[in-house]
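Structure first, then comments.
The values are calculated or read from the model by the stated rules, or taken from the named source; none is laboratory data. Here the structure is a predicted model, which is why all the values come from computation and not from measurement. Neighbour counts run over all protein chains shown; Cβ positions are idealised from the backbone, glycine included.
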Amino acid sequence: MRKKILMVLFTLLVCLWAQRGNAVRTMTVKIGSGEAVVALLDGAAQVASEGKDVFRAMKLNDILKKGDEVITGPNTKMELILPDKSQLRFADNSRFRLVQIDAGQEQGREVTVHVSIGKAWANVSRAVSGKSNFELTCENAVAGVRGTVYRMNVNEDKSALVKVYDGQVAVAGGGKALEAPTVVS
């Protein structure tokens, strides 16, 4: 019995020692103006550079630039970090394009992301001086903010749902709203 206990303890120690080499390491990636870094990629996603039809597999810490088009696969979660520390998250089966991504500059922020289909969530940094424009767009709506947390769901029928978690969002677009906006306290 004592021999079995010692063997189990020895095996645990070897496993813990082996795992030490596989520990998660923090990586710092410099983000330039006009770029976003893939800070989380749980699942599979593909990206095509502006003007190209060929998609390549994405990986953690990839840098995305203006014009890049991204498709997230089934059961995928993805988070992008902008130079001003704003966060953009995308759910599985989403497709989006980075139309404009100038953030963190002295003169302000210009960010526009067009969501063709899927779910996008944004936590927009308030710490920007100068002009600030941050928009999630789809075929039928534009949701623009300053320093807020919100999401936009774009359905296959091109309808869009905007949910605001903190702050205010201006939503504009064509067509009649299916339901009146509600404020939840």
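Applying a threshold of 6 Å to beta carbon distances and a minimum spacing of six or more residues, or different chains, the list of pairs starting in the stretch 111-127 at a residue that is assigned to a loop (DSSP other than H, G, I, E, B) and ending at one that is crowded, with 22+ Cβ neighbours inside 10 Å and polar (S, T, N, Q) reads VAL124/SER86; SER125/SER86. Restricted to the stretch 89-111, and to residues that are surrounded by fewer than 19 Cβ atoms within 10 Å (Cβ to Cβ) and modelled with pLDDT of 90 or more, which residue is nearest to GLY144 (Cα to Cα)? Among residues in the stretch 89-111 that are surrounded by fewer than 19 Cβ atoms within 10 Å (Cβ to Cβ) and modelled with pLDDT of 90 or more, the one nearest to GLY144 (Cα to Cα) is VAL99. Does SER185 meet the test of being hydroxyl-bearing (Ser, Thr, Tyr), at pLDDT below 80 and either under 12 Å from the mean Cα position of the chain (by Cα) or part of a loop (DSSP other than H, G, I, E, B) (or both)? Here the answer is yes, as SER185 does meet what is asked. Of everything listed in (1) exposed (fewer than 15 other Cβ atoms within 10 Å of the Cβ); (2) charged (D, E, K, R); (3) closer than 20 Å to THR137 by Cα, the single unmet condition for ASP53 is (3).
The set of residues from the stretch 53-82 being modelled with pLDDT under 90 and over 13 Å from the mean Cα position of the chain (by Cα) comprises just one member, ASP53. Among the residues of the stretch 132-175, the ones that are among the polar types (S, T, N, Q), part of a loop (DSSP other than H, G, I, E, B) and crowded, with 16+ Cβ neighbours inside 10 Å come to 1 in all.
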